[in-house]
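See structure below.
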Amino acid sequence: KSPTHRYWAVGPYNVKLRVTTGVGCVADTTIVVNTIHPQPKAAFSFNKKSVCIGDDVICIDETDYKDGTKNIWNWDFGDNETSILQNPSHTYASTGNYDVTLFTVNSFGCNSDTVTKQYSVYPYPTVELGPDKFVLEGATTILKPTVSGDDLKYLWAPNYYLNSTTVLAPSCTPVKDITYTLFVT
């Protein structure tokens, strides 16, 4: 009497209803169903490739809403936090890799697929330069700091008397007293 049917493609479809009474009388009607809408395709990006702990990231909705308009967003940041904003900002409380997911609902009430992307949150690097070094004028020493972190880059300043300013442990041949600063990112 009241069947349901799932359409797997956009219409229109001619739906025919035929009714037969108990004594054999038949009546039928056909209606055109053209209210079948394509499923939205969820997509998003991040405004930063990764962040250090305490920094925020913005998730940018790039969903194809098909023939509808944007309406509802369902974000899961992978750390038990969610949002219903279109382009939410989020700050992670712990380091690690998080699975961020999004599904949307368009103005016709059609749910999109669910898309998942991994996002990395790194700790800040740590740096310990150790005690002062004493070197005879014209002699060479190697600066050996202790650092920790992921995917590190180094910059020594000032760049005087060093064989490189972008390595962890440069050799140094000073001609006078100097204080170096190491920037680690």
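Here are some notes:
- Summed over the residues of the chain and divided among them, the accessible surface reaches 68 Å² per residue at a probe radius of 1.4 Å.
- Evaluating 6.51 cos²θ - 1.76 cosθ + 1.60 at θ = phi - 60° for every residue in the range 74-84, the Karplus couplings come out as 10, 9, 10, 8, x, 10, 6, 10, 9, 8, 10 Hz, glycine and proline recorded as x.
- One decimal place: the segment residue 53-residue 35 gains 1.8 nm when fully extended, by the rule 0.36 nm per residue minus the C-alpha distance.
- Hydrodynamic radius by Kirkwood, which averages 1/r over all alpha carbon pairs of the range 25-96, in angstrom: 15.4
- Förster-model FRET efficiency, 35 Å R0, residue 80 and residue 2, C-beta, rounded to 0.05: 0.25
- Counting protein heavy atoms only, the range 1-73 has 55 percent of its accessible area on carbon and sulfur, 1.4 angstrom probe.
- Solvent-accessible area, 1.4 Å probe, carbon plus sulfur percent, for the range 91-142: 52
- For Rg/Rh (Cα atoms, Kirkwood Rh), calculated from these coordinates, the label among (1) 1.00; (2) 1.40; (3) 0.94: (2)
- For the set 153/176; 48/70; 133/153; 66/117; 49/153; 41/117, the pairs lying more than 18 angstrom apart at their alpha carbons are 153/176; 48/70; 133/153; 66/117.
- For the range 112-162 versus the range 1-72, the spacing of their alpha-carbon centroids is 52 Å.
- Kirkwood Rh, angstrom, the range 86-134 [1 / mean 1/r, Cα pairs]: 15.0
- Point-charge dipole on Cβ atoms (K/R +1, D/E -1) for the chain, about Cα centre, debye to 20: 800
The values are calculated or read from the model by the stated rules, or taken from the named source; none is laboratory data. Given the structure is predicted, the values throughout are model-derived calculations rather than measurements. A quick note on method: Cβ atoms are made from the backbone with ideal geometry, for glycine too, and the neighbour counts reach across all protein chains shown. What goes into the accessible areas is simple: the full protein's heavy atoms, side chains included, and nothing from ligands, DNA or RNA. Shrake-Rupley method; radii C 1.70, N 1.55, O 1.52, S 1.80 Å.
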